[in-house]
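Enquirer: Got a structure here, written out as structure tokens. Questions coming.
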Amino acid sequence: MSNYTVIGFRVNRAGPLTLLQDAGRYGVRHLGVTQGGAADLHGWAWANRLVGNAWGAPALEVTVGGLELIAERELVVAVAGADLSATLDGEPCAGWRALSLKAGQRLAFAAPVNGLRAYLAVAGGFAATPVLGSVACVVREQLGGFDGRGSKLAEGDRLAVTAEAGRWPAAGAASAPQPPDYAAPAELALLPGAQIGEFSGHSLYQAFNADWQVDTRADRMGVRLTGPRLSCRIGSLISEGIGLGAVQVPPDGQPIALLNDRQTIGGYPRLGALTPLACARLAQCQPGQTVRLTAVAAERALADYRRFRAALG
Amino acid sequence: MSAPLAARLPRLEPAGLDGWMVRLFERIDEDNLAWITPLIRHCEAAFGDALVDLVPSYTTLLVVFDPLRLSPETARHRLQALLAALTPDVQTATGELRELPTWYDARVGPDLERVARHAGMSVDDVIACHAGTDYRVFALGFAPGFAFMGLLDERLAVPRLATPRPRVPAGSVAIAGGQTAAYPMVTPGGWNLLGRTAARLFDRDREGLSLLRVGDRVRFVPVDRATFERQGGDTTAVEARA
């Protein structure tokens, strides 16, 4: 693969939060550096797969829409993840398949129809210099993204792509699945954690049988769930490392599922951890949406994750 | 009668599909580092390329591995073997001594007066007390390069602010709840600000990235304004909080 890059897009409107994301930043969490990476790993991976990219290629994470890009050259792209009513030169533009754009064409994302985060991949990948091994854009840490400083997209930005950006994927590279219905009630698989026995029996029953509402306090760090108040015998722990998907329960009894940009250590008791695919699913839930927590065995979760990775490189 | 199994330490606790929490101790103690530090080295050797991250904290070590290469069961067996053979390493666990030149002044440490009132000490005594102890780095977190250090003299164990400041300047030296830290970058923050250091605590272009590592010993060295400015310190004032 050639190393040289070209300008693929000009940003006409940036939207409230459009970020460059890859699979995340690893090996530096002991320094307090968070993981970052695509919040919906499934949608991100499919966008890349549809244009023939290998696992890990940088793609745009478009949160709730508002993005308008002008193609600066011929490009092969795919949009997966949320349906943010994307249009190409004003005409509805199908997601979950590869498309060819000509120079001057306008790709726009308006507002959420289904889900919250759309992923735009370009053949060969967007191009940026990795910081600490990754281009994952973490605004709070001022790391990653196109400028390396954690900047979200801004009007007037010119986005670099690799020289393969116009290459049509090899025939049969990928056939897309039926786009998920993110608005449907979500079943989130949770691996029980060590403190689960510290919750009252009634709280445990409620945790896995009640409907939980996604709160408005939801971002890339974590998603609050509101519902019955869970009670735990421990109020707080000595701070310790927290993994992706950890579902912590602060003293107010309302769980918070911690996602890609979470702090690296924390001290609230946890029900357990959502699986990576459950985190991806939760990242597409709009505030007010209903979710349920379902306990799963590690063997089952591992098999699901390995199947997903085998299918998506 | 022996203790119930769940209370025995060290123990391994599930932490998602790709992690195990190694719980080594019940309490925060500097001596914990003599066990956690060698365990980090042993994990690096035993897991090799399958290791994703190791997150040490006060009493624990979170081990994150690649679930495509290792099953949680295999990872658990490896960790059990490491724990069975683990011995403390007092020599290397003492860490590097890092000095943080610090300008203690109400201009950049707007909580000095209030901390002094809380402690029943003069401001000068607060400074002497804070700078008079070598601290250990127990964990990094909150932000890149943010080191949680302890343990503070009990008189300085001031609770964090009821309402965090939306913007704490980089380099701010602060205390809260028996611990001390220096803010590597501008972030919101609820700790009590005593002064400021010009030291670059996190630098993406530096080998090792973070000035401070878990296990390091840290000494705050009082400097005057002129020295602080010569070291490149930013003297912009912070507003006090009631």
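No value in this document is a laboratory result; all are computed from the given coordinates. Everything quoted here is computed from the prediction, not taken from an experiment. Neighbour counts run over all protein chains shown; Cβ positions are idealised from the backbone, glycine included.
Enquirer: How long is the gain from residue A:110 to residue A:202 if the chain were fully straight, where each residue apart is worth 0.36 nm and the alpha carbon distance is subtracted?
Expert: Between residue A:110 and residue A:202, full extension yields 28.8 nm more.
Enquirer: Excluding the sites themselves, what is the longest stretch of chain B that contains no GluC sites (Glu not before Pro) in a DSSP loop with at most 13 other C-beta atoms within 10 Å? If you can, show how the numbers build up before the last one.
Expert: Values: sites that count: B:26, B:96, B:207, B:239.
In chain B, the maximal stretch lacking such sites is B:97-206.
Enquirer: Sticking with this structure for a sec: For segment B:5-93, what is the relative contact order in percent, using Cα pairs closer than 8 Å and at least 6 residues apart in sequence?
Expert: Details: 124 pairs, mean separation 30.8, N = 89.
In percent, rounded to a whole number, it is 35.
Enquirer: Under a Cβ-Cβ cut-off of 11 Å, what is the net charge of the residues other than residue A:57 that fall near it, where Lys and Arg count +1 and Asp and Glu count -1?
Expert: Local net charge: -1.
Enquirer: With the cut-off at 1.5 for a/c, could you classify segment B:95-230 from its C-alpha gyration tensor as rounded, prolate or oblate?
Expert: Values: a/c = 1.37, a/b = 1.37, b/c = 1.01.
Note, shape of segment B:95-230 comes out rounded.
Enquirer: Using modelled backbone amide H atoms (1.01 Å from N, in-plane), which distant-in-sequence or interchain residues come within less than 5 Å of residue A:86's amide H?
Expert: Residues meeting the amide H criterion: A:93, A:110.
Enquirer: Each residue of segment B:230-236 in order: what ³J(HN,Hα) in whole Hz does its phi give by Karplus 6.51 cos²θ - 1.76 cosθ + 1.60, θ = phi - 60°, with x for Gly and Pro?
Expert: 4, 7, x, x, 9, 9, 4
Enquirer: Starting from a Cα-only point model with no solvent, please compute log10 I(q)/I(0) by Debye for chain B at q = 0.14, 0.16 1/Å.
Expert: -0.93, -1.10
Enquirer: Once phi is turned into ³J(HN,Hα) by the Karplus curve 6.51 cos²θ - 1.76 cosθ + 1.60 with θ = phi - 60°, what whole-Hz value does each residue of segment A:238-254 show in order, with x for glycine and proline?
Expert: My calculation for segment A:238-254 gives 5, 3, 8, x, 10, x, 4, x, 3, 9, 9, 10, x, x, 6, x, 9 Hz in order.
Enquirer: Please list, by residue number, everything in segment A:187-228 whose backbone N is under 11 Å from a paramagnetic label point 7 Å out along Cα→Cβ of residue B:9.
Expert: No residues fall inside that zone.
Enquirer: How high is the FRET efficiency between residue A:54 and residue B:50 when r is their beta carbon distance and R₀ equals 22 Å, given to the nearest 0.05?
Expert: E between residue A:54 and residue B:50, to the nearest 0.05, is 0.65.
Enquirer: Ignoring everything except DSSP H segments at least 4 long, calculate the 222 nm mean residue ellipticity for chain B; use -39,500 (n - 2.57) per segment, divide by total residues, nearest 500. Intermediate results must be reported in sequence, preceding the final value.
Expert: Details: 5 runs with 51 residues, N = 242.
Computed ellipticity for chain B at 222 nm equals -6000 deg cm²/dmol.
Enquirer: Please tell me the relative contact order of segment A:5-162 in percent, rounded to the nearest whole number, where contacts are Cα pairs under 8 Å and at least six residues apart. Walk me through the intermediate numbers first.
Expert: Working: 477 pairs, mean separation 51.0, N = 158.
Relative contact order here is 32 percent.
Enquirer: 5 Å is the cut-off here: which amide hydrogens, built 1.01 Å from N in the peptide plane, fall below it relative to residue B:151, excluding neighbours closer than 5 in sequence?
Expert: For residue B:151, the qualifying residues are B:136.
Enquirer: So who's got an amide H within less than 5 Å of the one on residue B:189, skipping anything under 5 residues away but keeping other chains? H placed 1.01 Å off N, in plane.
Expert: Those qualifying (amide H under 5 Å, at least 5 residues apart or on another chain) are B:165, B:167, B:168.
Enquirer: Normalised by the residues of chain B, what does the relative contact order come to in percent, with Cα pairs under 8 Å and at least six apart?
Expert: In percent, rounded to a whole number, it is 21.
Enquirer: Right, next: When the Debye formula is applied to the Cα atoms of segment A:69-203, each taken as the same point scatterer, what base-10 log of I(q)/I(0) results at q = 0.20 Å⁻¹?
Expert: Per q value, in the given order, log10 I(q)/I(0) is -1.30.
Enquirer: Extending each Cα 7 Å along its Cβ direction at residue B:41 and residue B:68, get the distance between those two points in nm, one decimal.
Expert: According to this spin-label approximation, the distance is 3.2 nm.
Enquirer: Percent of Cα-Cα pairs more than 15 Å apart in segment B:5-93, please.
Expert: Working: 2150 of 3916 pairs.
For segment B:5-93, the fraction of Cα-Cα distances above 15 Å is 55 percent.
Enquirer: If only Cα atoms are counted, what is the Rg of the protein assembly as shown, and what is its Dmax, in Å?
Expert: Here Rg and the maximum Cα pair distance are 24.5, 78 Å.
Enquirer: How large is ³J(HN,Hα) for each residue in segment B:167-173, as worked out from phi by the Karplus curve 6.51 cos²θ - 1.76 cosθ + 1.60 (θ = phi - 60°), to whole Hz, x for Gly and Pro?
Expert: Running phi through 6.51 cos²θ - 1.76 cosθ + 1.60 with θ = phi - 60° gives 8, 9, x, 4, x, 4, 9 Hz.
Enquirer: Where in segment B:41-102 are there trypsin sites (Lys or Arg not before Pro) that are in a DSSP coil and have at most 15 other Cβ atoms within 10 angstrom of their Cβ?
Expert: Counting only loop positions with at most 15 other Cβ atoms within 10 Å, the trypsin sites (Lys or Arg not before Pro) in segment B:41-102 are B:69.
Enquirer: Let me ask something else. How large is the direction-averaged shadow of the alpha-carbon convex hull of segment A:5-162, in nm²?
Expert: That works out to 7.9 nm².
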